[in-house]
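Visitor: The structure's right below; bear with me while I get my questions together.
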């Protein structure tokens with residue numbers, strides 16, 4: 001993933017992860033979700049109101065299991081079975097293609113969630129400059 005792609009910020013107190021980017025950057029993230037792999041995230045000068053900005057993303061395809069999102073040091077880790085990651089990728093694609101630039105998408109686990117694992121970090125997907133936290 002090129003550095004012009006999506007960026008991420010992480011709130012330590014709540015565990016919330018924000019992923020933002022241009023339409024093209026979010027679509028690039030969806031491709032990585034489908035294909036797996038790792039790469040650099042676009043730099044963030046000031047992560048406020050979040051605490052820090054992961055510099056890398058690592059998408060790990062597993063033989064089975066729901067999607068789990070976490071931050072490990074400076075890396076945003078997204079792992080799960082390919083079919084579960086494909087559902088997340090589709091949600092990101094639809095958001096990037098159809099959402100109003102001021103809207104954002106919450107991806108939060110709840111009991112019985114069909115593709116997110118219990119313990120997965122809550123995620124907000126937004127277009128650059130439109131985060132609900134800013």
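Visitor: Taking residue 71, is it modelled with pLDDT of 95 or more, touching a helix residue (DSSP H, G or I) at 6+ places or on another chain (Cβ under 8 Å) and assigned to a strand (DSSP E or B)?
Guide: No: the conditions fail for residue 71.
Visitor: Regarding region 47-62, can at least one residue be identified that is exposed (fewer than 15 other Cβ atoms within 10 Å of the Cβ), touching a strand residue (DSSP E or B) at 6+ places or on another chain (Cβ under 8 Å), free of Cβ contacts under 8 Å to residues at least 60 places away in the same chain and at positive phi?
Guide: no
Visitor: Out of everything in region 102-130 that is within 12 Å of the chain's Cα centre (by Cα) and loosely packed, with under 13 Cβ neighbours inside 10 Å, what residue ends up being nearest to residue 70 (Cα to Cα)?
Guide: Checked region 102-130; the qualifying residue nearest to residue 70 (Cα to Cα) is 108.
Visitor: Which residue out of 74, 36, 80 is over 11 Å from the mean Cα position of the chain (by Cα) and surrounded by 16 or more Cβ atoms within 10 Å (Cβ to Cβ)?
Guide: It is 80.
Visitor: Collect the residues in region 90-122 that are outside any loop (DSSP other than H, G, I, E, B) and in contact (Cβ under 8 Å) with a residue 12 or more places away in the chain, keeping them in residue-number order.
Guide: Of everything in region 90-122, those that are outside any loop (DSSP other than H, G, I, E, B) and in contact (Cβ under 8 Å) with a residue 12 or more places away in the chain turn out to be 90, 91, 92, 93, 95, 96, 97, 104, 105, 106, 107, 116.
Visitor: Hey, could you check region 83-101 for residues that are under 18 Å from residue 57 (Cα atoms) and touching a helix residue (DSSP H, G or I) at 6+ places or on another chain (Cβ under 7 Å) and say which is surrounded by the most Cβ atoms within 10 Å (Cβ to Cβ)?
Guide: 85
Visitor: What residue, of 87, 125, 77, is outside any loop (DSSP other than H, G, I, E, B) and over 22 Å from residue 13 (Cβ atoms)?
Guide: 87
The values are calculated or read from the model by the stated rules, or taken from the named source; none is laboratory data. Note that this is a predicted model, so its numbers are computed, not measured. Positions of Cβ are generated from backbone atoms using ideal geometry, with glycine treated the same way; all protein chains shown enter the neighbour counts.
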